[in-house]
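Enquirer: One structure is given below, represented as structure tokens, and several questions about it will come after.
The values are calculated or read from the model by the stated rules, or taken from the named source; none is laboratory data. Computed from a predicted structure; not experimentally measured. Here the Cβ positions follow ideal geometry from the backbone for every residue, glycine too, while neighbour counts run over all protein chains shown. Heads up: the accessible areas ignore ligands, DNA and RNA and are worked out on the full protein's heavy atoms, side chains in. Shrake-Rupley method; radii C 1.70, N 1.55, O 1.52, S 1.80 Å.
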Amino acid sequence: MVKKYKLKPSGGSPEFRIDYRNELNQQQYEAATAPPGPSLVIAGAGAGKTRTLTYRVAYLMESGTRPDRILLLTFTNKASREMMDRVSSLMQMPRPGFWGGTFHSIGHRILRLHAEEIGFTPEFTIMDREDARDMLKTCISRMDVDTRASRFPKADLLINLFSLQVNLAQPLEKIITEKYEQFAGLTSEIVQLFHDYSERKQQSNCMDFDDLLILWLKLMKNSPEVLRTYQEKFEAILVDEYQDTNFVQGEIVDTLAAKHRNVMVVGDDSQSIYGWRGANFENIISFPERFPGTRIYKIETNYRSTPEILHYANAAIAANLRQYQKTLKPVRDSGMKPVLVTTGNPSEQAQFVSQRVLELRDEGIELDEMAVLYRSHFHCLELQMELTSRNIPFVITSGIRFFEQAHIKDVVALLKVLCNPRDEVSFKRVTMLLPGLGIKTADRIWAHFLELTQENPGGREQIPDRLTEVIPSIPKKSVPAWTQLIHTTRQILTPENAALPGAQIHLVIDAFYHDYAHKSFENAQHRLDELDELANFAGQFESTEEFLGQLALLTELENENTEVSRQNNDDEKIRLSTVHQAKGLEFKVVFVIMMAEGLFPNYRALESEDGREEERRLFYVSVTRAKDQVYLIWPKFRETSGYGNPWQQPASFLLEVPDDLYEEWELD
């Protein structure tokens, strides 16, 4: 007979190989070693968020949680790999087997295992944007609707619209009513198209990128067994950059954590700046309400910036009503106060930045330790030219090559044709902007137009007449739009407008491009705002030819900088970036330009208090990118091509900060 001997709990604490108390500051230690249960970690800028999360994972493992019972959700694969590597190093073991990755990658992993539960097979393929666009076009072609006559939304816009529905988890009808009013008359067709598209994806055993989230959530809601499996499996859930989660991601976290409630979300509400692309600020603000008993940990010690910069940042965000109150606390020695610089105009602003960059370079600060941040790409056009004239190398990280975007090329194309009527590419581009005109019709119209031009060349003043003479080549349903185009060209070529490229751009927008943009682009208003800025920029040139020449130089400059940056990543260059794309980065010196009311903050965001608070958070992010020096610059006067008041006011955010927290520089 075998005697049973029962082991009793020792009552002691686990033996830890990591000295958490000595390797973390007090606030980091409290968060990393938090007891089980819901936890919200508010990690201020530069306060060691990644370090805290890494030690939290290690602590869970050392406390007895099996690695495969831990789920770490991040926003980039890079962040996930970095944390897993750090945990591996801390634990002195091969990469641990916890579930770590982006929301989409974890969703993909789970859907592969349970695809049949939602009508797919495990061999499903994932469509990229181009694949999704092609499938949508097929669905549209099978609909009983004249897409050209009704100006049906393009496939790219529909992809964005459907994606917004996923991110916001709202009915398509509501989204169309609130955000796409121009398509209200086509609501039933768009809703039917969405159903057709969804069915075709399932028939083809394909998913698009958004499906990896929405179908993951659907799987858990529709299959109690699958839900129970993963609720029991994940004993500890951690979420990085929680302030950037959208509605669906928030629902996924809430659903998975409902059983154990052992969930730690980490983020900074003051750095929630992506509402425009679906991030749901309510996720982080209302977390304690959804998880009663939540412990809130604040990590406020900042290792990045000088006390002066942090004092300014704390004051800059103080006016926001909806926030978790925190105060960034410095550990570094004192430095110079942030500097407020008022310039006469954008050109003087560019001269100041360029000169100060060279002075700082002479003082030993390398160019790649400096950055110029702005709200919109157009805010740095004058600066690009000034940096080039002074041979200061720079790299632009403002997203896609700006001047290659469709709306810029569309509007500029008509100006090019009026300067050079033999520009075939620009002529066809303009032609295909009009309803009912495709590439084959554009080829035919161009051939007729070219023949007439060669027979009787004339000057540019003859172009409207040539456009009138090609009307027999125009389909009847497109004649009204073509007639409007002729009228617009005559307006542009009048003596009062012929040498004003800014006014010409506005004429194109008002004549037809405003409507075209709203029917073609998901972010139509943003693109129209950028075209307004293009017109303002054009207002400083004395002729359309001069403007187009400078635009070509800027385009080439942008392309060269992108290519050089790709090939020579280690070369010393100052970085030009939107604030949105600079989040997560840090520099010794930061210049924030165009800090004028309506520019930064953006005038449309000021229409609501939520928008104003997000803009204030954007300002906070820009200031906290700096380690040693911050320069906040605004121009008093700015060309507006006759639209709006050229005299600027300083950003309201600048006026909210007590004047003893910064110094002002006057330019001689």
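Enquirer: Given the condition under 25 Å from the mean Cα position of the chain (by Cα), surrounded by fewer than 15 Cβ atoms within 10 Å (Cβ to Cβ), farther than 26 Å from GLU359 by Cα and small (Gly, Ala, Ser), answer yes or no: does some residue in the stretch 630-650 qualify?
Expert: no
Enquirer: Within the stretch 553-573, is there a residue that is modelled with pLDDT of 85 or more and in contact with a helix residue (DSSP H, G or I) (Cβ under 8 Å, 6 or more places away or on another chain)?
Expert: Checking the stretch 553-573: at least one residue is modelled with pLDDT of 85 or more and in contact with a helix residue (DSSP H, G or I) (Cβ under 8 Å, 6 or more places away or on another chain).
Enquirer: Looking only at the stretch 429-482, which residues are without any contact (Cβ under 8 Å) to a residue 40 or more places away in the chain and of a type in the set (D, E, K, R)?
Expert: ARG429, LYS440, ASP443, ARG444, GLU451, GLU455, GLU461, ASP465, GLU469, LYS476 - these are the residues of the stretch 429-482 that are without any contact (Cβ under 8 Å) to a residue 40 or more places away in the chain and of a type in the set (D, E, K, R).
Enquirer: Further, regarding this structure: Here are PHE124, PHE98: which of them is in contact with a helix residue (DSSP H, G or I) (Cβ under 8 Å, 6 or more places away or on another chain), of a type in the set (A, V, I, L, M, F, W, C), open to solvent by less than 20 Å² (accessible area, probe 1.4 Å) and closer than 16 Å to TRP216 by Cα?
Expert: Residue meeting the stated conditions: PHE124.
Enquirer: Name the pairs whose Cβ atoms lie under 7 Å apart, with the first residue in the stretch 348-375 and free of Cβ contacts under 8 Å to residues at least 24 places away in the same chain, the second open to solvent by less than 70 Å² (accessible area, probe 1.4 Å), and 6 or more positions between them or separate chains?
Expert: ARG361/LEU367
Enquirer: List pairs: first residue in the stretch 138-158 and farther than 13 Å from LEU186 by Cβ and open to solvent by 50 Å² or more (accessible area, probe 1.4 Å), second residue modelled with pLDDT under 80 and in a loop (DSSP other than H, G, I, E, B) anywhere in the structure, Cβ distance under 9 angstrom, at least six positions apart or on different chains.
Expert: SER141/THR147; ASP156/GLU522
Enquirer: Continuing with this model, one more query. How many residues does the stretch 17-52 contain that are touching a Phe, Trp or Tyr at 6+ places or on another chain (Cβ under 8 Å), farther than 16 Å from GLU300 by Cα, modelled with pLDDT under 95 and in a loop (DSSP other than H, G, I, E, B)?
Expert: Qualifying residue count, the stretch 17-52: 1.
Enquirer: Among ALA582, ALA605, which is the only one that is within 18 Å of the chain's Cα centre (by Cα), crowded, with 19+ Cβ neighbours inside 10 Å and without any contact (Cβ under 8 Å) to a residue 12 or more places away in the chain?
Expert: Going through ALA582, ALA605 in turn, the sole match is ALA605.
Enquirer: Farther than 21 Å from THR544 by Cα and surrounded by fewer than 14 Cβ atoms within 10 Å (Cβ to Cβ): which single residue out of GLU451, GLU461 fits that description?
Expert: Testing whether each residue is farther than 21 Å from THR544 by Cα and surrounded by fewer than 14 Cβ atoms within 10 Å (Cβ to Cβ) leaves just GLU451.
One line per residue, one yes/no per condition, for (1) surrounded by 14 or more Cβ atoms within 10 Å (Cβ to Cβ); (2) at pLDDT 85 or above:
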position: TYR55; (1), (2): yes, yes
position: GLY64; (1), (2): no, yes
position: ARG69; (1), (2): yes, yes
position: SER80; (1), (2): yes, no
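Enquirer: Within the stretch 523-538, how many residues turn out to be of a type outside the set (S, T, N, Q) and open to solvent by less than 30 Å² (accessible area, probe 1.4 Å)?
Expert: Final tally of qualifying residues: 9.
Enquirer: While we're here: Name the one entry in LEU219, LEU161 that is open to solvent by less than 10 Å² (accessible area, probe 1.4 Å), farther than 21 Å from SER105 by Cβ and modelled with pLDDT of 85 or more.
Expert: After ruling out the rest, the residue left standing is LEU161.
Enquirer: Report every pair of residues separated by at least 6 positions or lying on different chains whose Cβ atoms are under 7 Å apart, first residue within the stretch 649-668 and under 17 Å from GLU308 (Cβ atoms) and aliphatic (A, V, I, L, M), second open to solvent by 70 Å² or more (accessible area, probe 1.4 Å) and part of a helix (DSSP H, G or I).
Expert: LEU661/HIS311
Enquirer: Say whether the condition of being over 21 Å from the mean Cα position of the chain (by Cα) and in a helix (DSSP H, G or I) is met by at least one residue in the stretch 256-265.
Expert: Scanning the stretch 256-265, I find at least one residue that is over 21 Å from the mean Cα position of the chain (by Cα) and in a helix (DSSP H, G or I), so the answer is yes.
Enquirer: Hey, another quick one. Note down all Cβ pairs under 6 Å where the first residue falls in the stretch 197-220 and is under 16 Å from GLU117 (Cβ atoms) and free of Cβ contacts under 8 Å to residues at least 40 places away in the same chain, the second is of a type in the set (Asp, Glu) and in a helix (DSSP H, G or I), and they're at least six residues apart or on different chains.
Expert: Going by the 6 Å Cβ cut-off, the qualifying pairs are LEU217/GLU251.
Enquirer: Could you tell me which residue of the stretch 621-668 is farthest from LEU500 (Cα to Cα), considering only residues that are in contact with a Lys or Arg (Cβ under 8 Å, 6 or more places away or on another chain), modelled with pLDDT under 95 and part of a loop (DSSP other than H, G, I, E, B)?
Expert: GLN648
Enquirer: Can you tell me which residue among ALA132, ALA184, ALA155 is within 21 Å of VAL248 (Cβ to Cβ) and among the aliphatic types (A, V, I, L, M)?
Expert: Criteria check complete, one pass: ALA132.
Enquirer: With at pLDDT 85 or above, crowded, with 17+ Cβ neighbours inside 10 Å and not aliphatic (A, V, I, L, M) as the only criterion, which of GLU189, GLU173 stands out?
Expert: Exactly one of GLU189, GLU173 is at pLDDT 85 or above, crowded, with 17+ Cβ neighbours inside 10 Å and not aliphatic (A, V, I, L, M), namely GLU189.
Enquirer: Within the stretch 314-430, which helices (runs of 4 or more DSSP H) (wholly inside it) include 2 or more residues that are within 20 Å of MET594 (Cβ to Cβ) and hydroxyl-bearing (Ser, Thr, Tyr)?
Expert: Answer list for the stretch 314-430: 346-362, 381-389.
Enquirer: Here is a follow-up. Could you say whether any residue in the stretch 261-284 is charged (D, E, K, R), open to solvent by 30 Å² or more (accessible area, probe 1.4 Å) and more than 25 Å from ASN160 (Cα to Cα)?
Expert: yes
Enquirer: I would also like to ask the following. Which of the residues spanning the stretch 422-436 are touching a Lys or Arg at 6+ places or on another chain (Cβ under 9 Å) and over 14 Å from ILE486 (Cβ atoms)?
Expert: Listed by number, the residues that qualify are ASP423, VAL425, SER426, ARG429, PRO435, GLY436.
Enquirer: Considering the stretch 43-79 alone, what residues qualify as being within 17 Å of ARG21 (Cβ to Cβ) and not basic (Lys, Arg)?
Expert: Of everything in the stretch 43-79, those that are within 17 Å of ARG21 (Cβ to Cβ) and not basic (Lys, Arg) turn out to be GLY48, THR52, THR54, TYR55, ALA58, TYR59, LEU60, GLU62, SER63.
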